[in-house]
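What follows is a set of notes on a single structure, which appears directly below.
The values are calculated or read from the model by the stated rules, or taken from the named source; none is laboratory data. In this text, all values refer to a predicted model and were calculated from it rather than measured experimentally. Here Cβ is always computed from backbone atoms with ideal geometry, including for glycine, and neighbour counts include all displayed protein chains.
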There are 2 protein chains.
Amino acid sequence: MTQYDKNSRFASKQAYEVIRDRILNGDMPGGTKIVEEKLAAELGFSRTPIRESLRQLNYEGLIVNKKVVQPTEKDLRNLFQVRSLLEGFSAKAAATYLPEEDLNALSNCIKVGREGTMEEIMDANERFHEIIVQASGNALMIDTIHRMKSIIYLFRKTVVLYNRPRLIDEHEEIYESIKARDGENAKKLMEDHLKEDLDFCLHILNSSKNA
Amino acid sequence: MTQYDKNSRFASKQAYEVIRDRILNGDMPGGTKIVEEKLAAELGFSRTPIRESLRQLNYEGLIVNKKVVQPTEKDLRNLFQVRSLLEGFSAKAAATYLPEEDLNALSNCIKVGREGTMEEIMDANERFHEIIVQASGNALMIDTIHRMKSIIYLFRKTVVLYNRPRLIDEHEEIYESIKARDGENAKKLMEDHLKEDLDFCLHILNSSKNA
DNA sequence: TTTCATTATTTTGTATACATTTTTGTTTAT
DNA sequence: ATAAACAAAAATGTATACAAAATAATGAAA
């Protein structure tokens with residue numbers, strides 16, 4: 001199952017993955033200065049592929065001004081604003097188009113969400129949204145959301161780690177709406193769901209700020 | 001007024017601009033194969049900055065698989081779908097927040113749209129949408145739309161060049177709604193406006209296909 | 001002719017070198 | 001002590017070289 005990504009033979013891709021992971025799990029916390037030569041030495045590549053990987057990370061918003069991003073509250077709000085528009089639309093589309101197979105996959109994500117380990121829950125959560133996004137059938141929209149994926153991950157960790165209440169219940173409600181082919185409701189529930197995520201993140205953010 | 005962009009001293013930025021312009025005005029039509037060394041020789045730079053510029057063009061969707069993009073009808077629909085969501089939202093936000101100064105700028109775009117030369121109309125058209133997008137106050141949203149800018153330009157040319165009827169009238173209606181602080185209406189009119197643009201583009205596209 | 005295999009050729013990915021630019025650190029004058 | 005000016009160091013942008021990979025061209029077998 002561990003599919004070999006043929007891109008991994010590229011130094012630039014490997015560097016991208018290592019650096020991204022370091023940022024995502026806190027090894028390179030927000031504000032860390034990025035210096036090409038230092039990373040090149042650390043990862044054992046030359047500067048050329050490192051530079052390429054850094055451009056990708058810039059593009060995804062993980063690096064800003066040669067520093068690891070430190071998303072502000074405003075950034076968080078902006079992100080959920082855009083997601084709400086795109087994923088709300090996708091949820092509606094899903095209610096119209098989603099095939100049986102994907103419905104089952106959604107259902108499975110909910111089950112894992114209730115019974116799985118922390119890591120399994122993270123994955124299931126991501127997969128749930130991914131299936132719906134794909135249902136938009138709009139490659140540009142999918143791409144746009146994927147671009148935000150890393151930053152979303154940064155926050156999804158918060159939501160799952162701090163065990164947000166009703167998270168999976170909301171997924172289930174969305175799922176039910178899609179299954180019932182009620183597009184407008186699916187859209188509304190998705191928007192509400194993201195609003196709850198946002199509020200939860202903001203709460204965590206602010207309470208840890210005053211700690 | 002011709003402000004010197006200090007980025008222009010970078011070979012990579014210059015290369016980006018030259019190649020982008022070549023694509024946008026048809027010097028490098030859709031399907032043209034991109035070879036780094038060839039471009040490097042032509043533009044008088046080494047491959048390094050050329051590669052960097054190509055990444056950016058990839059990112060903006062002007063280059064796909066080492067070829068100049070040839071947007072399909074599906075691409076066109078996808079683009080307008082995403083724009084409709086983001087610019088619809090922005091129009092609503094504009095109705096709430098837009099300061100007097102920007103209202104006047106919008107009004108000016110309409111005037112130029114009625115009286116200007118082809119090129120002035122193109123600019124005014126772009127500026128009209130840009131002002132509204134900025135009103136979203138959401139940097140991520142603005143960035144996302146900017147990313148689509150080049151492809152939008154490709155189609156805007158069609159709309160203006162073939163002199164789409166009611167184009168400026170629709171702008172004016174949107175402007176009036178924003179001025180009247182009617183957010184819902186502004187949003188709806190923007191969505192309708194983009195739908196008209198899309199249909200017009202599709203029409204041109206299809207009639208030229210059967211020529 | 002068509003198909004496959006094998007060479008050439010082109011093109012790409014990466015490493016390295018070097019010249020500017022940017023940043024840091026130090027000294028001097030106020 | 002603070003600010004300005006300068007020197008030293010570090011970091012970046014670009015050019016070039018080379019090996020690996022992808023593509024095109026050639027020829028042999030069906």
What residue, of A:Arg181, A:Arg127, A:Arg114, is at positive phi and surrounded by fewer than 19 Cβ atoms within 10 Å (Cβ to Cβ)?
A:Arg181
Quick check on region B:137-153: of everything there that is of a type in the set (A, V, I, L, M) and under 9 Å from the mean Cα position of the chain (by Cα), which residue is farthest from B:Arg20 (Cα to Cα)?
B:Ile145
Looking across region B:36-45 at residues that are free of Cβ contacts under 8 Å to residues at least 24 places away in the same chain and on the phi < 0 side of the Ramachandran plot, the single one that is nearest to the other protein chains (Cβ to nearest Cβ) is B:Glu36
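Could you run through region B:46-87 and say how many residues are within 14 Å of DNA strand D (Cβ to nearest atom) and more than 14 Å from chain A (Cβ to nearest Cβ)? Steps first, answer last, please.
Quick first cut of region B:46-87, residues within 14 Å of DNA strand D (Cβ to nearest atom) only: B:46-56, B:64-67.
Filter once more, keeping what is more than 14 Å from chain A (Cβ to nearest Cβ): B:66-67.
Adding up the residues that qualify gives 2.
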Give region B:184-205 a look and list any residue that's surrounded by fewer than 15 Cβ atoms within 10 Å (Cβ to Cβ) and either more than 18 Å from the chain's Cα centre (by Cα) or more than 17 Å from B:Leu79 (Cβ to Cβ) (or both), or say none.
B:Glu184, B:His203
Residue identified as away from DNA strand C (no atom under 16 Å from the Cβ), surrounded by 15 or more Cβ atoms within 10 Å (Cβ to Cβ) and at negative phi among A:Ser53, A:Ser90, A:Ser12:
A:Ser90
What are the residues in region A:153-170 that are under 20 Å from A:Pro71 (Cα atoms) and of a type in the set (S, T, N, Q), if any?
A:Thr158
Which condition from (1) within 14 Å of DNA strand C (Cβ to nearest atom); (2) under 17 Å from the mean Cα position of the chain (by Cα) is the one that B:Ile23 breaks?
(1)
Tell me which of these A:Pro99 doesn't satisfy, since it passes every other one: (1) in contact with an Asp or Glu (Cβ under 9 Å, 6 or more places away or on another chain); (2) within 30 Å of A:Gly183 (Cβ to Cβ).
(1)
Residues located in region B:125-143, provided they are within 13 Å of another protein chain (Cβ to nearest Cβ) and either among the polar types (S, T, N, Q) or in contact with a strand residue (DSSP E or B) (Cβ under 6 Å, 6 or more places away or on another chain) (or both):
B:Ser136, B:Asn138
Give the residue that is nearest to the other protein chains (Cβ to nearest Cβ), with candidates limited to residues of region A:144-171 that are without any contact (Cβ under 8 Å) to a residue 24 or more places away in the chain and under 23 Å from A:Leu103 (Cβ atoms).
A:His146
Among the listed residues B:Leu154, B:Leu106, which satisfies the condition of being surrounded by 15 or more Cβ atoms within 10 Å (Cβ to Cβ) and either at pLDDT 95 or above or not assigned by TED's automatic domain parsing to the domain that holds B:Leu85 (or both)?
B:Leu106
